[in-house]
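Here the structure comes first, spelled out in structure tokens, and everything after it is commentary.
The values are calculated or read from the model by the stated rules, or taken from the named source; none is laboratory data. Everything numeric here is computed off the predicted structure, so don't read it as measured data. Glycine gets a Cβ as well: all are built from the backbone with ideal geometry, and neighbour counts include every protein chain shown.
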Amino acid sequence: MALVGCATEEGAEQPLQGVTAKSVFATFEQPDTRTYIDTEHRIHWHEEDAISLFRGTDINTRYVFEGQTGDTEGSFAMADIDVISGVKLERNYAIYPYTPNTTITREGRVHYTLPKSQEYAAGTFASGCNVMMAFTETTDDDRLSFRNCGGYLRLQLYGTETTLRSITLRGNNNEPIAGGAILIATDEETPAVIMDVTATATLALDCGEGVRLSSDPSHPTEFWLVLPPTLFTEGFAITLEDAAGLKVVKSTSKRVAIERNVIQPMAPVEVSFDEAGLTFGKMAGVWRLDSWRGTTPSFEVYMDFQEDGTVELWQRIESRDWSYYASHATLTGDVISGVYTDGVEWGASYGVTLDSTEMTWQSTADTSDISRYTRATLPEGIDAKLSETRSNGTSCELRYI
């Protein structure tokens with residue numbers, strides 16, 4: 001879809017000139033766009049809202065809201081020049097919020113960049129996060145009915161004397177959730193969102209100077225993220241950071257579906273930074289590779305971490321026999337690197353996130369190189385071969401890490 005959307009059709013250029021309408025009237029479902037939500041989760045326009053309007057042409061024209069914060073409908077007035085030219089379109093298209101780099105193809109595919117970072121807003125999401133789209137039947141129609149493009153993930157967190165500076169979300173299967181996207185009008189009058197090849201797998205929520213969490217689990221603090229419709233097939237993880245830079249990771253392995261125009265609430269989760277910080281003590285034990293680059297690997301890998309940073313690696317790749325390597329690892333914050341006992345460095349360093357039963361490694365050189373491990377025990381027979389392999393100094397050509 002990304003390639004088709006970027007293509008230029010022969011004969012598509014049809015220069016136009018004229019004067020566009022000075023204002024348009026806008027409404028929206030549920031009921032609106034800007035971006036704050038009251039206690040009943042109703043969306044409202046904000047007095048600083050602006051939209052991109054493609055009025056019968058592919059020229060991105062900025063219109064600004066003429067009403068007051070809290071209105072659920074109202075007029076938008078043209079803020080740019082009124083002389084237009086460009087490729088002719090068969091209908092009008094409007095996108096909220098306005099960005100100058102938003103473009104549209106002759107077929108009506110809107111190229112838009114979903115924000116990679118959103119700002120915290122108490123009990124809602126911040127202005128400019130809730131992307132919406134409207135389109136009309138003809139170019140003469142001045143009434144725009146906006147529809148939400150994404151859905152809403154509502155996190156609920158609590159903790160004793162705990163302050164958050166940021167939250168970073170990532171799907172466990174590396175699903176794209178921010179960056180480049182294509183918005184498409186459908187016959188059902190609801191927009192569809194297709195993430196393109198430039199999309200990223202992380203989305204951050206910036207909590208500014210810090211948000212103090214509620215200490216009451218029955219009344220947790222809410223954190224909202226606006227996401228494109230996404231199925232997190234293996235759940236997701238959130239990395240929480242406090243003012244001192246300490247990080248903790250909370251994750252779920254359950255499938256989570258973010259549907260268009262639907263709020264997806266998560267159960268309250270307790271947060272504490274008392275045990276924050278990655279250490280070999282927390283990593284100590286045996287880990288089995290369960291996922292590599294988003295798929296189940298066709299080979300087997302086991303790692304045994306010890307508290308002094310010694311790492312013993314077992315792998316079985318296209319062979320019935322296990323290959324063994326020993327190395328010593330170094331931690332710099334949450335980044336791990338290492339050197340094998342024969343002096344060869346690991347192929348890369350990795351950013352590590354860890355909870356009690358799962359560990360995720362992401363290559364610092366290739367962000368798509370993501371490995372997920374779960375706690376395990378060594379397969380039967382490996383212990384006996386371990387001492388034999390150590391004494392023989394056996395090695396092989398391929399090293400996983």
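The lone criterion from (1) over 30 Å from the mean Cα position of the chain (by Cα); (2) at pLDDT below 90; (3) of a type in the set (D, E, K, R) left unmet by residue 334 is number (1).
In the stretch 104-124 there is at least one residue that is at pLDDT below 90, part of a strand (DSSP E or B) and among the hydroxyl-bearing types (Ser, Thr, Tyr). Only residues that are acidic (Asp, Glu) and either outside any loop (DSSP other than H, G, I, E, B) or assigned by TED's automatic domain parsing to the domain that holds residue 293 (or both) were counted in the stretch 198-254, giving 4. Figure legend. Inter-residue proximity from the stretch 55-66: first residues surrounded by fewer than 21 Cβ atoms within 10 Å (Cβ to Cβ), second residues aromatic (Phe, Trp, Tyr) and not in a strand (DSSP E or B), beta-carbon distance below 7 Å, spacing 6+ or different chains. Indicated pairs: 62/98.
Filtering 325, 340 for residues that are surrounded by fewer than 19 Cβ atoms within 10 Å (Cβ to Cβ), aromatic (Phe, Trp, Tyr) and at pLDDT 90 or above leaves a single hit, 340. Among the residues of the stretch 249-300, those identified as among the charged types (D, E, K, R) and more than 24 Å from residue 156 (Cα to Cα) are 282, 288, 290, 293, 300. The requirement of being assigned to a loop (DSSP other than H, G, I, E, B) and either at pLDDT 90 or above or buried (at least 19 other Cβ atoms within 10 Å of the Cβ) (or both) is fulfilled nowhere in the stretch 2-16; no residue meets it. What's the number of the only condition in (1) touching a Pro at 6+ places or on another chain (Cβ under 9 Å); (2) surrounded by fewer than 23 Cβ atoms within 10 Å (Cβ to Cβ) that residue 132 fails to meet? Just one mismatch for residue 132, condition (2). On the given criteria, is residue 253 within 19 Å of residue 370 (Cα to Cα) and of a type outside the set (A, V, I, L, M, F, W, C)? Answer is yes for this residue. Here residue 208 passes the criteria (1) touching a Ser or Thr at 6+ places or on another chain (Cβ under 6 Å); (2) at positive phi; (3) not β-branched (Val, Ile, Thr) except the one numbered (1). Taking the numbered list (1) farther than 22 Å from residue 185 by Cβ; (2) assigned to a loop (DSSP other than H, G, I, E, B); (3) within 16 Å of the chain's Cα centre (by Cα) in turn, residue 127 passes all entries but (3). If residue 160 passes every condition in (1) more than 25 Å from residue 73 (Cα to Cα); (2) in a strand (DSSP E or B); (3) over 16 Å from the mean Cα position of the chain (by Cα) but one, which one does it miss? Answer for residue 160: the failing condition is (2).
Evaluate the stretch 346-354: report whether one residue or more is out of contact with any strand residue (DSSP E or B) (no Cβ under 8 Å at 6 or more places or on another chain) and either within 25 Å of residue 200 (Cα to Cα) or modelled with pLDDT of 90 or more (or both). Yes - at least one qualifying residue is present in the stretch 346-354. Evaluation of residue 301 against the conditions (1) in a loop (DSSP other than H, G, I, E, B); (2) in contact (Cβ under 8 Å) with a residue 40 or more places away in the chain; (3) not hydroxyl-bearing (Ser, Thr, Tyr) shows that the sole unmet condition is (1).
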